[in-house]
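S.K.: Take a look at this one; I'll ask things after.
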Amino acid sequence: MSAFNAQRITAMQWLSRQLLNQDVAGRYFDPLIEPLNPRWALGRMIATVERIEDETHDTRTFVLRPPRRWRGFLAGQHVTLALDINGVRHHRTFSLACAPETWQREGLIRITIKRTPEGLVTPWMHKNLYRGGALEISEAFGNFLLPDVEAPLLYIAGGSGITPILSHLESLACREYTAPITLIYCIRSAQDQIGAQQLEQLQHKLPLLNCQIIRADQGEGQPPRLLQASDIDSIKNIQARHCYLCGPTGLMAVATTLLETRDVPEEQVFQTFFAPLTNPLTDTAGGAVTLMRSNRELTVDSGQSLLEAAESAGLSPRFGCRMGICHQCSCRKTTGTVVNRNTGHVSGPGEETIQLCVSVPQGPVSLDL
Ligand code: FES
């Protein structure tokens, strides 16, 4: 974005804040427009569910048509969906499971979602989303991206961690990639394999793609088959590979150690994983927050992130994953201390960049927001 555009947007935001008390002017009119048709929303990006495909007993692919002004994505990126469930808004981040080239050609994207039985959002999506329905989608983000040059690749996926890798492989097939590619896909059982048909087709399109499916269920009385050293040692030229890992933390830890001990350079290893927020907050978290550019004062309690607090005050700060991964919510803190609720890290008292979605104030804080 040019400096001129950045300035113009800031001026527009300023005007919108003065006249409508909103960062994005369109949001002011959305409550009037959306009851007529949610797809006409000006301040939000609404995608249409074009179709729903069953992948496995607990996983479905939602084929969505984003609005025309959606900016597209790169292979391996993610989007955040916003869903209103029983009057409460929930945000969840999912990988795109298709190639950008498909979206450019057909205007459609694929999001493959496993139902987590103990969860709230994914069972709701499986039960309530329907063909023709509408849902809010963010712009794409993430840096789990293909290398700029043709290089031999190694993918290690576990369970639904295959989805951003399907996006990579489909994109590579569109580019007629000629370097060797190895995929090691770890699943519980044959019934749990996501993208089986897609992978079969990809093997025809990518002659140098070698797919190894590792099933944990080896049969009665056998210990589960997990990723092991011999799986990596059978790969030719491992130190030259760009390695992409996506799956449960246990698998990622094993894979990272195996690659490290085989001298694969750290800068050639990329991982992506959406972990829930785990660290409990200190009981001293919470405090008064001054939003300097908006000229607002908020009181934030220990259960609320700065992003949630700003949104409750009617502001619309930029965000992506809402989980501390993408840095799209980064903001300048000018004074005060914040706690990162993912890591428990306590910031310094001075000026620094923080992530609004995972930061909770510890006492008075001022933000350049
Ligand atoms: S929204 Fe992604 S890091 Fe905050």
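Read-outs throughout are calculated quantities, based only on the coordinates presented, and are distinct from any laboratory measurement. All values reported here derive from a predicted model rather than from experimental measurement. Here the Cβ positions follow ideal geometry from the backbone for every residue, glycine too, while neighbour counts run over all protein chains shown.
S.K.: Check GLU50: other-chain or 5+ apart residues with amide H under 5 Å from its amide H, H built from backbone geometry?
M.R.: Correct list: VAL63, LEU64, ARG65, GLY132.
S.K.: Evaluate the charge dipole of the chain about its Cα centre and quote only its size in Debye, nearest 20, assuming +1 on the Cβ of each Lys and Arg and -1 on the Cβ of each Asp and Glu. Walk me through the numbers before you get to the answer.
M.R.: Working: 34 positive and 36 negative charges, 200 e Å.
Rounded to the nearest 20 debye, it is 960 debye.
S.K.: When the Kirkwood hydrodynamic radius is evaluated over all pairs of different C-alpha atoms of segment 299-369, what value in angstrom, to one decimal, is obtained?
M.R.: Final number for the Kirkwood radius of segment 299-369 is 11.8 Å.
S.K.: Counting only C-alpha contacts under 8 Å and six or more residues apart, can you give the relative contact order of segment 113-252 as a whole percent?
M.R.: Details: 173 pairs, mean separation 39.7, N = 140.
Reported relative contact order: 28 percent.
S.K.: Hey, another quick one. For the chain, which span is the longest to avoid every loop-located (per DSSP) member of trypsin sites (Lys or Arg not before Pro) having at most 11 other Cβ atoms inside 10 Å? Show your work: numbers first, answer last.
M.R.: Details: sites that count: ARG68, ARG69, ARG71, ARG131, LYS236.
Maximal segment without exposed cleavage sites: 237-369.
S.K.: Further question on the same structure: Just need the relative contact order of segment 294-369 here, percent rounded to a whole number, with Cα pairs under 8 Å and 6+ apart.
M.R.: 35
S.K.: Just tell me which aspartates and glutamates come within less than 20 Å, Cα to Cα, of LYS205; anything on the same chain fewer than 8 places away is out.
M.R.: Filter leaves GLU101, GLU106, GLU150, GLU170, GLU176.
S.K.: I'd like the antiparallel share, as a percent to the nearest 5, of DSSP beta bridges with both residues in the chain.
M.R.: 60
S.K.: Where does segment 155-202 land on the Kirkwood hydrodynamic radius, alpha-carbon pairs, in angstrom? If you can, show how the numbers build up before the last one.
M.R.: Details: mean 1/r = 0.0888 Å⁻¹.
Mean inverse Cα-Cα distance, inverted, gives 11.3 Å.
S.K.: Please tell me the relative contact order of the chain in percent, rounded to the nearest whole number, where contacts are Cα pairs under 8 Å and at least six residues apart. Mind dumping the intermediate values first?
M.R.: Values: 763 pairs, mean separation 47.5, N = 369.
Contact order relative to length: 13 percent.
S.K.: Under a 5 Å amide H to amide H cut-off, with H placed in plane at 1.01 Å, what residues pair with GLY320 once short-range neighbours are removed?
M.R.: Result for GLY320 returns GLN328, CYS329.
S.K.: If you don't mind, another one. Going by amide H atoms built from the backbone, whose H comes under 5 Å of the H on ALA140, apart from near neighbours?
M.R.: ARG71, GLY72
S.K.: Using only Cα atoms, locate the centre of segment 286-309 and the centre of segment 137-186, then give the distance between them in Å, rounded to an integer.
M.R.: After rounding, the separation between the Cα centres reads 39 Å.
S.K.: Any chance you could get the radius of gyration and Dmax over the Cα atoms of segment 57-170, in Å?
M.R.: Answer for segment 57-170, Rg first and Dmax second: 14.6, 48 Å.
S.K.: Tell me which lysines have Cα within less than 26 Å of LYS127's Cα, excluding those fewer than 8 residues away on the same chain?
M.R.: LYS127 reaches LYS114.
S.K.: Quantify how much of the Cα-Cα distance distribution of the chain extends past 30 Å, in percent.
M.R.: Here the tail beyond 30 Å accounts for 46 percent of pairs.
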